[in-house]
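For reference, the structure is listed below as C-alpha cells.
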Number of protein chains: 2
Amino acid sequence: MSSDDVTGQAADGPRRRDAAATRRALLLAARTRFTRLGYDRTTLRDVAADAGVNLALIKRYFGSKEGLFKAALAETPRFLGGTGEFPRGRAALAEALSRQLAAGAWAEFGEHPVLMLLRDSGDEQVAQLRRRALAEFGRQVLEASGGSSAPDAELRAELLVALGVGVAVVRSAVGLRPLADATPEELLGPLHDIVEGLLGPPSD
Amino acid sequence: MSSDDVTGQAADGPRRRDAAATRRALLLAARTRFTRLGYDRTTLRDVAADAGVNLALIKRYFGSKEGLFKAALAETPRFLGGTGEFPRGRAALAEALSRQLAAGAWAEFGEHPVLMLLRDSGDEQVAQLRRRALAEFGRQVLEASGGSSAPDAELRAELLVALGVGVAVVRSAVGLRPLADATPEELLGPLHDIVEGLLGPPSD
DNA sequence: CCACCAAGTAATCATGCGTTGACATGATCC
DNA sequence: GGATCATGTCAACGCATGATTACTTGGTGG
C-alpha cells in the first residue's frame, strides 16, 4: 500500500557483504520513513527495500522494529543543539534559532530531527528519551539567554522550545504558508522580537 | 494489546435502539482514542468497546475507519477559535491564547482539539482540512492583533499559531515540565510578552 | 584448498485488524 | 396483531505485516 519510493536511495552499487554499510543504509532509510510516515505507517519491508537490503537483516542488526526505531531515534539529540552549546546572548540565540528552524541545517541527518523526535512507537522508554532531549534543549536555551533573572525563566525557556517544536511541525508536517516557505532571513526578525519580548530586559 | 480502558466510558445504562446516542458515543470514544493514540494505534474494536456498542455499527454509521476519523476530525475547528472571533487588542489576544493553551477549555470536546487536528490518517483530504483550520486560526490571530502593519504580519501571526501548536504538543504529548504543569495564570505573563514582542508597537 | 563463520536470502508462520454479509430484534404504523 | 424497516448482533474472511527459521554464499585464515 505505502510502498511508494519515498527516498531515492535503493539500488546502490553491488555493495556485497559489508555489514557496516548495510547497517548504515538501514538506519538512513528508517530515519527517512519514520520521520515522514511515523512508526506505524512505516513497514519493515519498505525500509529494507529502500536500503536495498533483505528484510531479515533488520532482525539481525536491530532485533525488531522497535529496536530499529530506537536506534534511529538515538541519533537525533546529536542534531538538536549539536554537542556544542548555544552562543551566548539574545541576538545570537535568535539567530541560532532561526537558522535551526528554517535552514537546511539538517542536511546531514536527512530529515528534521525534531519531527523524528516527536514520532511515537508507544514505548515508554521512547517517551522518556524525547522528554530528556527537549528538556536538555530547554536548558541550553536558558543558559544562552543569559542565566536566570526571572523566577519563571525556566518556563520562558521552555516556551521557546515549544515554539521550535511548533514551527517544525507547522512547516514540515502541516505546510502552513507563508510560514512553511519562509527563509531563515525572513524568520530572523520576528524570532528576534519574540526572544527579546520573552526574555525581557537583559539581566546583566 | 492496546485494549486498556483509556476512557471510563463503557457500560452506560441499557441505552437500547437509540441511533443518535450510539453515534454520539462512537464519536466521543473515537475522539478520545484517536487523539491519545493516533490513527493507526486506534482499533475499531476498542472504540466500539469504549462506546459500549457493536463493532459493525461503525460501518453502518461511518462507513469505514477513515470515515469515523474524518467525522471526529470535522468537529475540531469548532473548538479552535470557537465560531466567534477573537477579542481585539494585544492584551486580550494574549489572555485568550493563554486560556486556550493551558486551560481545560477543552472540557466539552473531551481532548485537546489541536492534538486531534495533528493526527494523521494519511488521507490528503485530512491534510487539507488541517491546513485550512490552522490557516483560519492564523487569520483570526492576525485580525485580533489589529490589522496588518508590517509586511510580514501574516508570518508573525502564523508564528503565534506555531507557538500554540508547539505548546499543545509539548504539554500534552511530551509532558515537558514546568511547561506541562503551568496554569493559565502562570502562562499569561510570558505569552503577553511574546505577543507584544512579536506584533511590535501598536499600529493604530 | 578446505573449513568455518559472518553476511545475506527465501519462504513461511502467526496474528491483529478492517471489513463484510447474513441474521436477529425491537419499535412503529395501519 | 402482523408487516416492515431501522437498529443491533454474530461469525467469518482476507490481507498486511512483524517475526522467525532453515538454508546459501562468500570471504578469510590455516
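Overview of results
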read-out: Filter result (under 24 Å from B:Pro77 (Cα atoms) and open to solvent by less than 10 Å² (accessible area, probe 1.4 Å)) within the range B:170-204; value: B:Val170, B:Val174, B:Leu187, B:Leu191, B:Val195
read-out: Total residues in the range B:106-136, condition among the charged types (D, E, K, R) and part of a loop (DSSP other than H, G, I, E, B); value: 5
read-out: Single unsatisfied condition, A:Ala91 versus (1) over 20 Å from A:Val165 (Cβ atoms); (2) open to solvent by 50 Å² or more (accessible area, probe 1.4 Å); (3) at pLDDT below 90; (4) part of a loop (DSSP other than H, G, I, E, B); value: (4)
read-out: Residues that are more than 23 Å from A:Arg41 (Cα to Cα) and of a type in the set (S, T, N, Q), drawn from the range B:35-77; value: B:Asn54, B:Thr76
read-out: Test: residue in the range B:144-156 that is within 10 Å of chain A (Cβ to nearest Cβ), open to solvent by less than 10 Å² (accessible area, probe 1.4 Å) and of a type outside the set (Asp, Glu); value: no
read-out: Scan of the range A:48-66 for residues that are more than 8 Å from DNA strand D (Cβ to nearest atom) and either open to solvent by less than 30 Å² (accessible area, probe 1.4 Å) or touching a Phe, Trp or Tyr at 6+ places or on another chain (Cβ under 6 Å) (or both), ordered by number; value: A:Ala48, A:Asp50, A:Ala51, A:Val53, A:Phe62
read-out: Identity of the residue in the range B:37-68, within 14 Å of another protein chain (Cβ to nearest Cβ) and in a helix (DSSP H, G or I), that ends up farthest from DNA strand C (Cβ to nearest atom); value: B:Leu37
read-out: A:Thr7 vs. criteria in a helix (DSSP H, G or I), of a type in the set (Val, Ile, Thr) and either at pLDDT below 85 or within 21 Å of A:Phe109 (Cα to Cα) (or both); value: no
read-out: Output for the range A:172-184, where each listed residue is outside any loop (DSSP other than H, G, I, E, B) and either at the interface with another protein chain (Cβ under 8 Å from one of its Cβ atoms) or free of Cβ contacts under 8 Å to residues at least 24 places away in the same chain (or both); value: A:Ala173, A:Val174, A:Leu179, A:Ala180, A:Asp181
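The values are calculated or read from the model by the stated rules, or taken from the named source; none is laboratory data. Keep in mind that this is a model prediction, so the values were computed, not measured. Please note: Cβ atoms are built from the backbone with ideal geometry, for glycine as well, and neighbour counts cover all protein chains shown. Just the protein is used for accessible areas: all its heavy atoms, side chains included, with ligands, DNA and RNA removed. Shrake-Rupley method; radii C 1.70, N 1.55, O 1.52, S 1.80 Å.
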